[in-house]
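S.K.: I have a structure here, written as structure tokens, and I will follow up with some questions on it.
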Amino acid sequence: MEIKLARRLSLLPPYLFKEIDRLRREALAKGVDIINASIGDPDRPTPQAVVEAGQAAMADPANHQYPSYQGMAELRAAVADWFKGRFGPELDPESEVLILIGSKEGVAHLPLAFIDPGDLVLCPSPAYPVYFSGTVFAGGEVWEMPLLPENGFFPDLKAIPAEAARRAKVMWLNYPNNPTSAEATYDQFQAAVDFALENGIIICHDAAYTEMTFDGYKAPSFLEARGAMECTLEFHSFSKPFQMTGWRVGMAVGNRELVAGLGQVKSNVDSGVFQAVQKAALAALAIPAEEVAAGQAVYRRRRETVVKGLEQLGLEVWPSRATFYVWARNPAGLSSAQWAARLLGEAGVVITPGNGFGTAGEGWFRIALSAPEERLEEMIHRIGKMDL
Ligand code: PLP
């Protein structure tokens, strides 16, 4: 029997990390000592208090049954408390907080709740690829908003044609940004809310990196902007601040109709997050903010090493106080794909070519600071030996 994939799968580019992983495994099989600076997975363990809370909860049969679809009331209340303390706005835990199986799950499912076939979704480029694939799965059309260095990698809202603004139902934003590491200001968020309310557009703000900041920088929540609660759903993650990528837990917060719509999709496709994991998430939220910040210091040191190293080699690096990504321009005359191939072939270094995040990422590359500092030093040393 011939098994045919649905047409929607052919509309997707190959999943970025899958392709990079294939190339990496090929090189490893040839015995190359690979330095992998491509994937955004923290290399440090989950805090002990979180692991212990998860272990204790797992041993308790009360947690072995189907969890609540929206997430445990206790966790939603803790999320609302944490959010108020960290950013200011008050959330109703009952209607304005939804627990997710990692923020990726919510990001991917959101379009199924609000996008009909043919609807337009404004997606940044370069960007986390799931905004694109979620739109395609819902039958929506992507309108790319290029993120350019001259605009601080924030979309130029004035450049969106009136017709596209009229047809758009959702706009994706993500600050601090992956892959560019760019920060956004409160004023930029306010301009986006004003634009969204004027045009009847839902804003989905991916806030996966708000807690991964350094040098005293505190990233704002999009919900701090005036009017944002009318049109915004914001996605938060436990993955990066608490090194919990494998646990799969996150949350969506914001406008109650948006929370309810996403919740309706989810109640039809999943049955919530394992309660032991939710109890571990509760323990994570109880970790004092200074301790979380101290845990991030390791990335600040790695960033310094890499930024200094690349700059000494004459490469241009985007200045940033957030995320664990370094976004840098390719050496002159090389496309992102050519540069990535040379790095792998000549230095055994795996990075992510900027064009893998969308056409506007061409000319740039991303280093993920998820390798120990000495490996990152070795990476700079090897790049330094290349003929640039
Ligand atoms: N959003 C962005 C911008 C990311 O970079 C990632 C993971 O790398 C996610 C969302 C997904 O995070 P989670 O582990 O919460 O699903």
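S.K.: In the Gaussian network model of the chain, springs joining C-alpha atoms below 10 Å, which of Thr180, Thr323, Thr352 carries the largest mean-square fluctuation?
M.R.: With Cα springs under 10 Å in the chain, the top fluctuation among Thr180, Thr323, Thr352 is at Thr352.
S.K.: Can you give the net charge of the other residues whose Cβ lies under 13 Å from the Cβ of Ala59, counting K and R as +1 and D and E as -1? Before the final figure, lay out each step's value.
M.R.: Working: positive: Lys279; negative: Glu52, Asp60.
Result for the neighbourhood of Ala59: -1.
S.K.: Lys and Arg at +1, Asp and Glu at -1: add these up for the other residues within a Cβ distance under 15 Å of Gly200 and post the number.
M.R.: Overall, the nearby charge balance is -4.
S.K.: Follow-up question, since we're still on this one. Which three numbers, in whole Å and largest first, are the semi-axes of the equivalent ellipsoid of the chain derived from its Cα gyration tensor as √(5λ)?
M.R.: Result for the chain: semi-axes of 32, 26, 22 Å.
S.K.: Percent of Cα-Cα pairs per 10 Å bin, from 0 to the last occupied bin, for segment 208-272, please list those.
M.R.: In whole percents, the pair-distance histogram is 19, 40, 34, 7, 0.
S.K.: Okay, next question. For labels at Gln190 and Asp215 in the simple 7 Å Cα→Cβ model, what's the distance in nm?
M.R.: So the label points at Gln190 and Asp215 sit 2.5 nm apart.
S.K.: For Lys385, go through the aspartates and glutamates and keep the ones whose alpha-carbon is under 15 Å away, minus same-chain ones fewer than eight residues off.
M.R.: List returned: Glu311, Glu346, Glu377.
S.K.: Of Lys84/Lys169; Lys4/Lys279; Lys158/Lys308, which pairs sit farther than 31 Å apart, going by alpha carbon to alpha carbon?
M.R.: Details: Lys84/Lys169 28 Å; Lys4/Lys279 42 Å; Lys158/Lys308 35 Å.
Over 31 Å apart, Cα to Cα: Lys4/Lys279; Lys158/Lys308.
S.K.: Using only Cα atoms, what Kirkwood radius does segment 58-205 have, in angstroms?
M.R.: On the way: mean 1/r = 0.0587 Å⁻¹.
Roughly 17.0 Å, rounded to one decimal.
S.K.: May I ask for the equivalent-ellipsoid semi-axes of segment 271-388, computed as the square root of five times each C-alpha gyration tensor eigenvalue and listed largest first in whole Å? All intermediate terms of the calculation are to be shown ahead of the outcome.
M.R.: Numbers: eigenvalues 210, 63, 33 Å².
In descending order, the three semi-axes are 32, 18, 13 Å.
S.K.: So what's the back-of-envelope 222 nm ellipticity for the chain, counting only DSSP H runs of four-plus at -39500 (n - 2.57) apiece and dividing by all residues, rounded to 500? Let's see the in-between values first.
M.R.: Details: 14 runs with 163 residues, N = 388.
When only DSSP H runs of four or more count, the value is -13000 deg cm²/dmol.
S.K.: Let me ask another. Per residue, what accessible area does the chain have, given a 1.4 Å probe and all protein chains present, in Å²? Intermediate results must be reported in sequence, preceding the final value.
M.R.: Numbers: 16900 Å² over 388 residues.
Counting only protein heavy atoms, the per-residue value for the chain is 44 Å².
S.K.: Cut-off 10 angstrom, C-alpha nodes, Gaussian network model of the chain. Which of Ala289, Ala165, Ala371 fluctuates the most?
M.R.: Comparing Ala289, Ala165, Ala371 in a Gaussian network model of the chain, the most mobile one is Ala289.
S.K.: Right, next: Whole Å is fine, so just give me how far the alpha carbon centre of segment 65-100 lies from that of segment 339-379.
M.R.: The two parts, judged by their Cα centres, are 37 Å apart.
S.K.: Post the alpha-carbon centroid distance, segment 8-40 to segment 193-216, in whole angstrom.
M.R.: One Cα centre to the other: 30 Å.
S.K.: With each label point set 7 Å from Cα along the Cα-Cβ vector, what nm distance links Arg301 and Val32?
M.R.: 2.9 nm
S.K.: Calculate, in nm to one decimal, what Ser68 and Leu5 gain on full extension: separation in residues at 0.36 nm each, minus their alpha carbon distance. Please list the in-between numbers first.
M.R.: Details: separation 63, 0.36 × 63 = 22.68 nm, distance 3.32 nm.
In short, 19.4 nm is gained.
S.K.: By the scheme Lys and Arg +1, Asp and Glu -1, what is the net charge of all other residues having a beta-carbon under 12 Å from that of Gln275?
M.R.: Values: positive: Lys279; negative: Asp60, Glu74.
For residues surrounding Gln275, the net value is -1.
S.K.: Shifting gears a bit: Apply the Karplus curve 6.51 cos²θ - 1.76 cosθ + 1.60, θ = phi - 60°, to the phi angles in segment 236-245 and return the couplings in whole Hz, x for Gly and Pro.
M.R.: 10, 9, 8, 4, 7, x, 10, 6, 10, 4
S.K.: With both partners inside segment 48-285, how many of the DSSP beta bridges are antiparallel, as a percent to the nearest 5? It would help to have the intermediate numbers written out before the result.
M.R.: Working: 9 of 27 bridges.
Just about 35 percent of them are antiparallel.
S.K.: Here is a follow-up. Along segment 354-360, what does the Karplus equation 6.51 cos²θ - 1.76 cosθ + 1.60 (θ = phi - 60°) give for ³J(HN,Hα), rounded to whole Hz, x for Gly and Pro?
M.R.: x, 5, x, 9, x, 4, 6
S.K.: Give me the percent of accessible area attributable to carbon and sulfur for the chain, probe 1.4 angstrom. The partial results should precede the final answer.
M.R.: Details: 9070 of 16900 Å².
The nonpolar share, carbon plus sulfur, comes to 54 percent.
S.K.: Have a look at Met58, Met229, Met171 and tell me which one the Gaussian network model of the chain (Cα, springs below 10 Å) gives the largest fluctuation.
M.R.: Met58
S.K.: With an 8 Å Cα cut-off and a minimum separation of 6 or more residues, compute the relative contact order for the chain in percent.
M.R.: Working: 735 pairs, mean separation 92.4, N = 388.
Relative CO of the chain lands at 24 percent.
The values are calculated or read from the model by the stated rules, or taken from the named source; none is laboratory data. Everything numeric in this text was worked out from a predicted model, so none of it was measured. Cβ sites come from the backbone with ideal geometry, for glycine too, and all protein chains shown count toward neighbours. We work out accessible area using only protein heavy atoms, side chains counted, and drop any ligands, DNA or RNA first. Shrake-Rupley method; radii C 1.70, N 1.55, O 1.52, S 1.80 Å.
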